[in-house]
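Below is one structure; the comments refer to it alone.
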Amino acid sequence: MKIGVIGTGTMGSGIAQVFIEKGYEVILNGISESEIKNGFNIIDKNLDRKVKKEKITLEDKEAILEKLNICVEIDELKECDIVVEAIVENMEVKKELFKKLDEVVKEDTILATNTSSLSITEIALSTKRPDKVIGMHFFNPAPVMKLVEIIEGVASSQETVDKVHELCNQISKDPVMVKEAPGFIVNRILVPMINEAIGILGDGIATKEEIDKAMKLGAGHPMGPLELSDLIGNDVVLFIMEVLHKEFGDDKYRPHTLLKKMVRGNLLGRKTKNGFYKY
Ligand code: NAI
(Lines give C-alpha, C1' and ligand atoms only; values in the text may rest on other atoms or scores of the structure.)
Protein backbone atom coordinates (compact mmCIF):
# COMPACT_ATOMS: atom_id res chain seq x y z
CA MET A 1 0.00 0.00 0.00
CA LYS A 2 1.37 3.39 -1.00
CA ILE A 3 0.64 6.45 1.15
CA GLY A 4 0.69 10.07 0.00
CA VAL A 5 1.04 12.89 2.51
CA ILE A 6 0.63 16.52 1.50
CA GLY A 7 2.05 19.28 3.69
CA THR A 8 5.50 19.38 5.23
CA GLY A 9 4.79 21.35 8.41
CA THR A 10 4.29 20.03 11.92
CA MET A 11 1.48 17.62 11.08
CA GLY A 12 2.40 16.53 7.53
CA SER A 13 5.91 15.52 8.52
CA GLY A 14 4.66 13.87 11.72
CA ILE A 15 2.07 11.84 9.80
CA ALA A 16 4.62 10.82 7.16
CA GLN A 17 6.90 9.65 9.97
CA VAL A 18 4.12 7.54 11.49
CA PHE A 19 3.68 5.65 8.22
CA ILE A 20 7.36 5.13 7.34
CA GLU A 21 8.05 3.90 10.85
CA LYS A 22 5.44 1.23 10.24
CA GLY A 23 7.12 0.21 6.99
CA TYR A 24 4.76 1.92 4.54
CA GLU A 25 6.14 3.57 1.46
CA VAL A 26 5.33 7.28 1.67
CA ILE A 27 5.43 10.05 -0.87
CA LEU A 28 5.60 13.37 0.95
CA ASN A 29 4.51 16.33 -1.13
CA GLY A 30 5.32 19.96 -0.35
CA ILE A 31 4.85 23.25 -2.18
CA SER A 32 8.53 24.04 -2.76
CA GLU A 33 12.01 22.55 -2.50
CA SER A 34 12.65 24.47 0.72
CA GLU A 35 9.34 23.26 2.19
CA ILE A 36 10.07 19.60 1.48
CA LYS A 37 13.55 20.03 2.89
CA ASN A 38 11.93 21.43 6.00
CA GLY A 39 9.65 18.38 6.23
CA PHE A 40 12.56 15.99 5.74
CA ASN A 41 14.59 17.76 8.42
CA ILE A 42 11.75 17.51 10.96
CA ILE A 43 11.55 13.73 10.42
CA ASP A 44 15.34 13.31 10.36
CA LYS A 45 15.69 15.16 13.68
CA ASN A 46 12.86 13.18 15.30
CA LEU A 47 14.51 9.92 14.27
CA ASP A 48 17.91 11.14 15.48
CA ARG A 49 16.35 11.77 18.87
CA LYS A 50 15.07 8.19 18.90
CA VAL A 51 18.54 6.89 18.04
CA LYS A 52 20.03 8.94 20.90
CA LYS A 53 17.45 7.54 23.31
CA GLU A 54 18.33 4.07 21.99
CA LYS A 55 14.74 3.43 20.92
CA ILE A 56 16.00 2.58 17.42
CA THR A 57 19.45 1.91 15.94
CA LEU A 58 21.15 4.00 13.28
CA GLU A 59 20.49 1.15 10.81
CA ASP A 60 16.79 1.26 11.73
CA LYS A 61 16.78 4.99 11.06
CA GLU A 62 18.32 4.51 7.63
CA ALA A 63 15.84 1.75 6.77
CA ILE A 64 12.95 3.97 7.86
CA LEU A 65 14.16 6.91 5.77
CA GLU A 66 14.48 4.58 2.75
CA LYS A 67 10.68 4.43 2.75
CA LEU A 68 10.37 8.19 2.39
CA ASN A 69 10.12 9.80 -1.04
CA ILE A 70 9.69 13.53 -1.36
CA CYS A 71 8.27 15.56 -4.24
CA VAL A 72 6.96 18.95 -5.24
CA GLU A 73 4.72 17.78 -8.09
CA ILE A 74 1.25 16.58 -7.16
CA ASP A 75 1.28 14.20 -10.16
CA GLU A 76 3.76 12.03 -8.33
CA LEU A 77 1.00 10.96 -5.96
CA LYS A 78 -0.89 9.23 -8.75
CA GLU A 79 -0.09 5.68 -7.62
CA CYS A 80 -1.05 6.26 -3.97
CA ASP A 81 -3.85 4.22 -2.40
CA ILE A 82 -4.58 6.89 0.18
CA VAL A 83 -3.52 10.52 0.39
CA VAL A 84 -3.58 12.36 3.72
CA GLU A 85 -3.69 16.13 3.35
CA ALA A 86 -2.14 18.30 6.10
CA ILE A 87 -1.75 21.75 4.55
CA VAL A 88 -2.76 25.15 5.84
CA GLU A 89 -6.21 25.33 7.55
CA ASN A 90 -7.99 27.25 4.81
CA MET A 91 -11.13 25.95 3.09
CA GLU A 92 -10.48 27.51 -0.32
CA VAL A 93 -6.89 26.27 -0.44
CA LYS A 94 -7.92 22.77 0.64
CA LYS A 95 -10.77 22.63 -1.92
CA GLU A 96 -8.46 23.72 -4.70
CA LEU A 97 -5.99 20.97 -3.73
CA PHE A 98 -8.66 18.24 -3.51
CA LYS A 99 -9.98 19.20 -6.93
CA LYS A 100 -6.49 18.78 -8.41
CA LEU A 101 -5.83 15.57 -6.47
CA ASP A 102 -9.09 14.06 -7.66
CA GLU A 103 -7.90 14.44 -11.25
CA VAL A 104 -4.48 12.97 -10.58
CA VAL A 105 -4.97 9.89 -8.37
CA LYS A 106 -6.46 6.45 -9.19
CA GLU A 107 -10.21 6.00 -9.18
CA ASP A 108 -10.30 4.10 -5.90
CA THR A 109 -7.81 6.25 -3.97
CA ILE A 110 -9.07 7.52 -0.62
CA LEU A 111 -8.54 11.21 0.05
CA ALA A 112 -8.23 12.04 3.75
CA THR A 113 -7.91 15.44 5.38
CA ASN A 114 -6.25 16.19 8.70
CA THR A 115 -8.32 19.36 9.16
CA SER A 116 -8.97 20.39 12.79
CA SER A 117 -12.12 22.33 12.15
CA LEU A 118 -13.29 22.49 8.54
CA SER A 119 -16.21 20.61 6.97
CA ILE A 120 -15.23 17.28 5.40
CA THR A 121 -18.48 17.34 3.42
CA GLU A 122 -17.60 20.69 1.85
CA ILE A 123 -14.05 19.58 1.01
CA ALA A 124 -15.47 16.34 -0.48
CA LEU A 125 -17.76 18.26 -2.79
CA SER A 126 -14.79 19.71 -4.62
CA THR A 127 -14.12 16.18 -5.91
CA LYS A 128 -16.03 13.66 -8.03
CA ARG A 129 -15.53 11.03 -5.31
CA PRO A 130 -17.18 12.41 -2.15
CA ASP A 131 -17.74 8.82 -0.94
CA LYS A 132 -13.96 8.36 -0.77
CA VAL A 133 -13.25 11.57 1.15
CA ILE A 134 -12.90 11.34 4.92
CA GLY A 135 -11.39 13.11 7.93
CA MET A 136 -8.33 11.53 9.51
CA HIS A 137 -7.52 13.84 12.40
CA PHE A 138 -4.15 13.10 13.98
CA PHE A 139 -2.98 14.85 17.13
CA ASN A 140 0.24 16.72 17.75
CA PRO A 141 2.88 15.23 17.92
CA ALA A 142 1.51 12.66 15.46
CA PRO A 143 4.26 10.05 16.03
CA VAL A 144 3.46 10.02 19.76
CA MET A 145 -0.27 10.63 20.19
CA LYS A 146 -2.36 7.45 19.91
CA LEU A 147 -5.65 9.02 18.90
CA VAL A 148 -6.98 9.53 15.39
CA GLU A 149 -10.50 10.94 15.02
CA ILE A 150 -12.03 9.35 11.91
CA ILE A 151 -14.57 11.85 10.67
CA GLU A 152 -17.39 10.79 8.41
CA GLY A 153 -18.65 13.45 6.04
CA VAL A 154 -22.24 13.23 4.86
CA ALA A 155 -21.17 11.31 1.75
CA SER A 156 -18.30 9.18 3.14
CA SER A 157 -19.04 5.51 2.37
CA GLN A 158 -18.89 2.69 4.91
CA GLU A 159 -16.20 1.06 2.80
CA THR A 160 -14.00 4.16 3.09
CA VAL A 161 -14.63 4.35 6.84
CA ASP A 162 -13.74 0.66 7.29
CA LYS A 163 -10.55 0.95 5.24
CA VAL A 164 -9.33 3.98 7.18
CA HIS A 165 -10.22 2.31 10.47
CA GLU A 166 -8.17 -0.72 9.50
CA LEU A 167 -5.27 1.47 8.39
CA CYS A 168 -5.30 3.26 11.78
CA ASN A 169 -5.03 -0.12 13.49
CA GLN A 170 -2.13 -1.06 11.21
CA ILE A 171 -0.16 2.01 12.29
CA SER A 172 -0.91 1.31 15.98
CA LYS A 173 -3.24 4.24 16.43
CA ASP A 174 -6.39 4.01 18.48
CA PRO A 175 -9.15 5.62 16.42
CA VAL A 176 -12.54 6.97 17.42
CA MET A 177 -15.43 7.38 15.00
CA VAL A 178 -17.19 10.71 14.80
CA LYS A 179 -19.81 12.15 12.49
CA GLU A 180 -18.88 15.50 11.05
CA ALA A 181 -19.64 18.37 13.43
CA PRO A 182 -17.69 21.51 14.36
CA GLY A 183 -14.64 20.64 16.48
CA PHE A 184 -15.41 16.89 16.25
CA ILE A 185 -14.94 15.49 19.79
CA VAL A 186 -11.62 16.61 21.21
CA ASN A 187 -11.51 20.21 20.04
CA ARG A 188 -15.17 20.82 20.87
CA ILE A 189 -14.39 19.98 24.49
CA LEU A 190 -10.78 21.11 24.75
CA VAL A 191 -10.75 24.47 22.98
CA PRO A 192 -13.73 26.03 24.86
CA MET A 193 -12.03 24.84 28.08
CA ILE A 194 -8.86 26.71 27.09
CA ASN A 195 -10.96 29.77 26.20
CA GLU A 196 -12.58 29.59 29.65
CA ALA A 197 -9.14 29.45 31.29
CA ILE A 198 -8.14 32.55 29.30
CA GLY A 199 -11.35 34.20 30.60
CA ILE A 200 -10.34 33.43 34.19
CA LEU A 201 -6.94 35.00 33.54
CA GLY A 202 -8.46 37.97 31.70
CA ASP A 203 -10.92 38.62 34.54
CA GLY A 204 -8.04 38.75 37.01
CA ILE A 205 -9.39 35.86 39.07
CA ALA A 206 -6.14 33.90 39.21
CA THR A 207 -2.62 34.01 37.78
CA LYS A 208 -1.61 31.87 34.82
CA GLU A 209 0.50 29.66 37.06
CA GLU A 210 -2.43 29.10 39.43
CA ILE A 211 -4.84 28.30 36.61
CA ASP A 212 -2.45 25.75 35.10
CA LYS A 213 -1.62 24.24 38.49
CA ALA A 214 -5.32 23.98 39.36
CA MET A 215 -6.14 21.98 36.23
CA LYS A 216 -3.09 19.76 36.57
CA LEU A 217 -3.64 18.89 40.21
CA GLY A 218 -7.42 19.22 40.31
CA ALA A 219 -8.43 17.65 37.04
CA GLY A 220 -5.42 15.40 36.48
CA HIS A 221 -4.46 17.06 33.20
CA PRO A 222 -0.81 16.53 32.19
CA MET A 223 -0.58 20.16 31.10
CA GLY A 224 -2.40 23.30 32.19
CA PRO A 225 -4.79 24.93 29.67
CA LEU A 226 -2.64 28.03 29.17
CA GLU A 227 0.54 26.02 28.63
CA LEU A 228 -1.44 23.90 26.21
CA SER A 229 -2.74 26.94 24.34
CA ASP A 230 0.85 28.13 23.89
CA LEU A 231 1.76 24.68 22.56
CA ILE A 232 -1.15 24.45 20.10
CA GLY A 233 -0.67 28.08 19.04
CA ASN A 234 -2.97 30.82 20.32
CA ASP A 235 -3.89 31.71 16.73
CA VAL A 236 -5.04 28.12 16.13
CA VAL A 237 -7.08 28.20 19.36
CA LEU A 238 -8.71 31.47 18.25
CA PHE A 239 -9.45 30.09 14.79
CA ILE A 240 -11.16 27.00 16.20
CA MET A 241 -13.19 29.11 18.67
CA GLU A 242 -14.31 31.30 15.78
CA VAL A 243 -15.42 28.25 13.80
CA LEU A 244 -17.36 26.87 16.81
CA HIS A 245 -18.92 30.29 17.46
CA LYS A 246 -19.94 30.79 13.83
CA GLU A 247 -21.21 27.25 13.24
CA PHE A 248 -23.20 26.85 16.49
CA GLY A 249 -24.19 30.51 16.73
CA ASP A 250 -24.03 30.17 20.50
CA ASP A 251 -22.29 32.80 22.62
CA LYS A 252 -20.85 30.19 24.91
CA TYR A 253 -18.25 29.75 22.16
CA ARG A 254 -17.36 33.45 21.89
CA PRO A 255 -13.53 33.81 21.90
CA HIS A 256 -12.33 35.76 24.92
CA THR A 257 -11.07 39.29 24.15
CA LEU A 258 -7.74 38.51 25.83
CA LEU A 259 -7.19 35.67 23.33
CA LYS A 260 -7.94 38.02 20.42
CA LYS A 261 -5.65 40.68 21.82
CA MET A 262 -2.79 38.22 22.21
CA VAL A 263 -3.13 36.96 18.65
CA ARG A 264 -3.19 40.55 17.35
CA GLY A 265 0.00 41.18 19.30
CA ASN A 266 1.66 38.11 17.75
CA LEU A 267 1.85 36.41 21.16
CA LEU A 268 1.13 33.05 19.57
CA GLY A 269 2.87 30.81 22.09
CA ARG A 270 5.87 28.57 21.57
CA LYS A 271 6.16 29.28 17.86
CA THR A 272 6.79 33.02 18.47
CA LYS A 273 8.62 32.26 21.75
CA ASN A 274 6.07 34.39 23.56
CA GLY A 275 2.50 33.68 24.62
CA PHE A 276 1.05 33.17 28.08
CA TYR A 277 4.63 32.20 28.95
CA LYS A 278 8.02 33.17 27.48
CA TYR A 279 10.11 30.47 25.74
P1 NAI B 1 2.00 24.09 9.46
O2 NAI B 1 1.87 25.56 9.37
O3 NAI B 1 3.08 23.50 10.31
O4 NAI B 1 2.15 23.47 7.98
C5 NAI B 1 1.31 23.89 6.94
C6 NAI B 1 1.79 23.33 5.63
O7 NAI B 1 0.92 23.83 4.61
C8 NAI B 1 3.21 23.75 5.24
O9 NAI B 1 3.89 22.61 4.79
C10 NAI B 1 3.00 24.73 4.09
O11 NAI B 1 4.02 24.64 3.13
C12 NAI B 1 1.70 24.21 3.50
N13 NAI B 1 0.98 25.23 2.74
C14 NAI B 1 0.81 26.52 3.07
N15 NAI B 1 0.10 27.15 2.12
C16 NAI B 1 -0.17 26.23 1.18
C17 NAI B 1 -0.84 26.24 -0.07
N18 NAI B 1 -1.39 27.37 -0.52
N19 NAI B 1 -0.93 25.09 -0.78
C20 NAI B 1 -0.37 23.96 -0.32
N21 NAI B 1 0.30 23.88 0.84
C22 NAI B 1 0.39 24.99 1.57
O23 NAI B 1 0.56 23.55 9.91
P24 NAI B 1 0.16 22.24 10.72
O25 NAI B 1 0.09 22.58 12.15
O26 NAI B 1 1.01 21.11 10.27
O27 NAI B 1 -1.35 22.03 10.23
C28 NAI B 1 -1.68 21.39 9.02
C29 NAI B 1 -3.11 20.89 9.10
O30 NAI B 1 -3.23 19.99 10.21
C31 NAI B 1 -4.16 21.96 9.30
O32 NAI B 1 -5.31 21.59 8.60
C33 NAI B 1 -4.39 21.93 10.81
O34 NAI B 1 -5.67 22.39 11.16
C35 NAI B 1 -4.28 20.43 11.08
N36 NAI B 1 -3.93 20.03 12.43
C37 NAI B 1 -2.99 20.71 13.17
C38 NAI B 1 -2.67 20.28 14.45
C39 NAI B 1 -1.64 20.99 15.27
O40 NAI B 1 -1.60 20.79 16.51
N41 NAI B 1 -0.77 21.81 14.70
C42 NAI B 1 -3.31 19.10 15.05
C43 NAI B 1 -4.22 18.41 14.17
C44 NAI B 1 -4.53 18.90 12.93
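Pairs meeting the criteria (first residue in segment 227-253 and closer than 16 Å to G183 by Cα, second residue at pLDDT below 95 and of a type in the set (A, V, I, L, M, F, W, C), beta carbons under 8 Å, at least 6 apart or on different chains) are V243/L118.
Checked against (1) farther than 14 Å from G183 by Cα; (2) open to solvent by 80 Å² or more (accessible area, probe 1.4 Å), V263 meets all criteria but (2). For beta carbons closer than 6 Å, sequence separation of 6+ or different chains, a first residue in segment 83-98 that is under 17 Å from T109 (Cβ atoms) and of a type outside the set (S, T, N, Q) and a second that is more than 7 Å from the ligand (Cβ to nearest atom) and open to solvent by 20 Å² or more (accessible area, probe 1.4 Å), the qualifying pairs are F98/S126. Scanning segment 102-122 for residues that are of a type outside the set (S, T, Y) and within 11 Å of the ligand (Cβ to nearest atom) yields N114, L118. G153 meets the conditions (1) under 24 Å from H221 (Cβ atoms); (2) of a type outside the set (A, V, I, L, M, F, W, C); (3) within 19 Å of the chain's Cα centre (by Cα); (4) open to solvent by less than 30 Å² (accessible area, probe 1.4 Å) in every case but one. The failed one is (1).
Being open to solvent by less than 50 Å² (accessible area, probe 1.4 Å), farther than 30 Å from K22 by Cα and within 16 Å of the ligand (Cβ to nearest atom): is that true of V191 here? Judged against the criteria, V191 is a match. Applying the criterion of being touching a Phe, Trp or Tyr at 6+ places or on another chain (Cβ under 7 Å) and open to solvent by 10 Å² or more (accessible area, probe 1.4 Å) to the residues of segment 118-136, the residue that is nearest to I82 (Cα to Cα) is T127. Considering segment 24-35, and only residues there that are touching a residue at least 24 places away in the same chain (Cβ under 8 Å) and farther than 14 Å from N69 by Cβ, the residue that is farthest from the chain's Cα centre (by Cα) turns out to be E33. Have a look at E103, E73, E96 and point out the one that is open to solvent by 20 Å² or more (accessible area, probe 1.4 Å) and within 30 Å of Y253 (Cα to Cα). Of the residues listed, the single one that is open to solvent by 20 Å² or more (accessible area, probe 1.4 Å) and within 30 Å of Y253 (Cα to Cα) is E96. Only one entry in I20, I3 is of a type in the set (V, I, T) and touching a Cys at 6+ places or on another chain (Cβ under 9 Å), namely I3. Only one of the numbered conditions (1) surrounded by fewer than 19 Cβ atoms within 10 Å (Cβ to Cβ); (2) within 14 Å of the ligand (Cβ to nearest atom); (3) under 24 Å from K173 (Cβ atoms); (4) among the β-branched types (V, I, T) is violated by I56, and that is (2). Scanning segment 160-195 for residues that are free of Cβ contacts under 8 Å to residues at least 40 places away in the same chain, in a helix (DSSP H, G or I) and either of a type in the set (K, R) or farther than 19 Å from S116 by Cβ (or both) yields a count of 5. Screening segment 16-53 for residues that are open to solvent by 70 Å² or more (accessible area, probe 1.4 Å) and among the acidic types (D, E) and picking the one that is farthest from the ligand (Cβ to nearest atom) gives E25.
Which of the numbered conditions does I198 fail, given that it passes all the others? Conditions: (1) more than 22 Å from E227 (Cα to Cα); (2) surrounded by 16 or more Cβ atoms within 10 Å (Cβ to Cβ); (3) over 21 Å from the mean Cα position of the chain (by Cα). Of everything listed in (1) more than 22 Å from E227 (Cα to Cα); (2) surrounded by 16 or more Cβ atoms within 10 Å (Cβ to Cβ); (3) over 21 Å from the mean Cα position of the chain (by Cα), I198 misses just condition (1). Checked against the criterion of being modelled with pLDDT of 95 or more and out of contact with any strand residue (DSSP E or B) (no Cβ under 8 Å at 6 or more places or on another chain), the candidates N29, N46, N69 yield just one match: N46. Taken over segment 97-120, the criterion of being more than 14 Å from K78 (Cβ to Cβ) and touching an Asp or Glu at 6+ places or on another chain (Cβ under 6 Å) is satisfied by T113, I120.
The values are calculated or read from the model by the stated rules, or taken from the named source; none is laboratory data. As the structure is a prediction and not an experimental result, all values here were calculated from the model. Here the Cβ is made from the backbone with ideal geometry for all residues, glycine too, and neighbour counts use every protein chain on show. Keep in mind that these areas ignore ligands, DNA and RNA; they rest on the heavy atoms of the full protein, side chains included. Shrake-Rupley method; radii C 1.70, N 1.55, O 1.52, S 1.80 Å.
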